[in-house]
Amino acid sequence: MGHFGGHFGTVPLAGILAEGRITRADVERLRLEFRVAGIGTADEAEALVVLDGATTDRDPAWPLFLAEALAEYIVRTAAPEGYVSAANARWLLDRMAPGGRIASKTMLDVVLRVLASARWVPIGLALAAMEAVRLAVVEGRGPLRDGGDLPAGRITARDVEILRGILYAFAGYGYVPLTRDEAKLLAAIDDATAVGTPNADWIDLYVKAMANAALSASGYGIGSRERALARSAPTADGDDRQSATALRRMMLAGGYGDVLDDYAPLSVEDRTLARLERQRVEIITGEEIQPVDPDWLAARIGRGEAASVATAALADLLAVARDRLGGPLAAAIECRQTLSPRPVAA
């Protein structure tokens with residue numbers, strides 16, 4: 001590598017690069033500088049990215065520091081303050097996902113920290129983080145599977161909680177129902193897990209997310225994504241193995257009626273306000289948001305033998321709310337009641 005003259009505040013980085021490793025002492029020096037002055041310029045942020053990419057031996061404290069520092073720069077220092085514009089999201093993804101996919105666990109941690117710190121983020125940034133989970137579950141590779149031995153088709157409790165955090169973060173301080181692109185990524189993950197041992201954490205999230213899409217498309221609303229997607233402690237069992245029948249029974253017994261009770265019919269004025277809120281987020285973040293297509297969701301629910309345990313559990317839930325659903329979704333539920341999900345491997 002040629003000469004690198006990058007600095008982070010008053011700390012020169014050439015010496016760290018020359019050694020090819022980041023020690024605990026290096027992190028402490030950089031953190032002290034960060035606490036005193038923060039990240040003042042794009043060049044300083046770029047220098048940290050270069051440092052991460054040019055070293056292979058990094059102290060365990062490094063990823064957390066990098067995530068904190070870059071999130072502070074993107075969300076608080078780079079204009080506009082408090083949220084992530086489309087331009088700033090592109091800057092971040094150009095560095096965290098240079099090949100179109102987030103390249104490492106450290107870089108995923110950076111993106112997740114940005115999502116959690118900002119009031120609003122572009123949908124594309126949230127989708128990039130969701131894609132890392134999809135890659136892990138569907139293909140068994142990527143930053144969440146590096147060095148692991150989990151095969152494709154397995155989803156872990158940690159994967160689910162990462163997804164839940166991303167879904168919370170995208171809506172930010174407003175409320176936007178599940179979007180088309182989020183739903184399609186969740187559907188791809190569910191398809192990959194359909195023939196494996198069911199995971200109650202995943203079913204809990206998937207059912208609530210898709211129910212949110214179905215009820216929102218049918219003219220019902222809920223105050224926030226946190227309410228819509230909140231984890232049901234009595235139903236979630238981490239990565240434990242259970243039969244499909246037991247899981248479906250547990251989903252229904254664990255309080256899904258209460259989830260439905262939180263949805264209320266939207267008046268014409270409420271629907272107008274919801275549409276304006278979506279448009280506001282689009283203007284703030286610079287990216288268009290597409291709602292879920294009810295016909296697409298109805299087709300997934302009505303797939304019969306091709307359905308996963310999660311989709312069967314979703315149909316169980318929506319059957320309770322059949323009178324609230326729009327035409328194609330209500331028809332899919334009526335059809336689905338006569339069908340059973342495919343057998344699940346032991």
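Nothing in this text is a laboratory measurement; each read-out follows from the coordinates by a stated rule. Please read these numbers as outputs of a predicted model, since none were measured by experiment. Every residue, glycine among them, receives a Cβ derived from its backbone with ideal geometry; neighbour counts consider all protein chains shown.
The angle separating the long axis of helix 244-253 from the principal Cα axis of greatest extent in the chain is about 90 degrees. Over the chain, dividing the summed -39,500 (n - 2.57) contributions of all DSSP H runs of at least 4 residues by the number of residues returns a 222 nm mean residue ellipticity of -17500 deg cm²/dmol. When each of the peptides 317-326, 36-45, 70-79 is scored by how many other beta carbons lie within 10 Å of its residues on average, the order from highest to lowest is 70-79, 317-326, 36-45. Value of Rg to Rh for the chain, rounded to two decimals, is 1.02; Kirkwood radius and Rg both from alpha-carbon coordinates. Close amide-amide hydrogen proximity is noted between residue 8 and 13, each under 5 Å apart and 5 or more residues distant or on a separate chain (H modeled in the peptide plane; Pro and chain starts excluded).
Residue 331 to residue 152: FRET efficiency via 1/(1 + (r/R0)^6), r the Cβ-Cβ distance, R0 35 Å, to the nearest 0.05? Step by step, r from the Cβ atoms, then E = 0.55. Between helix 327-336 and the chain there is an angle of about 70 degrees, using the helix long axis and the longest principal axis of the Cα atoms. Highest average first, the peptides 154-160, 213-219, 308-314, 27-33 ordered by how many other beta carbon atoms sit within 10 Å of their residues are 308-314, 213-219, 154-160, 27-33.
Coupling constants for the stretch 139-155 follow from the phi torsions by the Karplus curve (6.51 cos²θ - 1.76 cosθ + 1.60, θ = phi - 60°), and in residue order they are 10, x, 8, x, x, 8, 10, 4, x, x, 10, 6, x, 4, x, 9, 10 Hz; glycine and proline get x. Between the beta carbons of residue 68 and residue 18, assuming R0 = 22 Å, the FRET efficiency works out to 0.30 to the nearest 0.05. For the chain, the longest principal axis of the alpha carbon atoms and the long axis of helix 42-54 meet at an angle near 80°.
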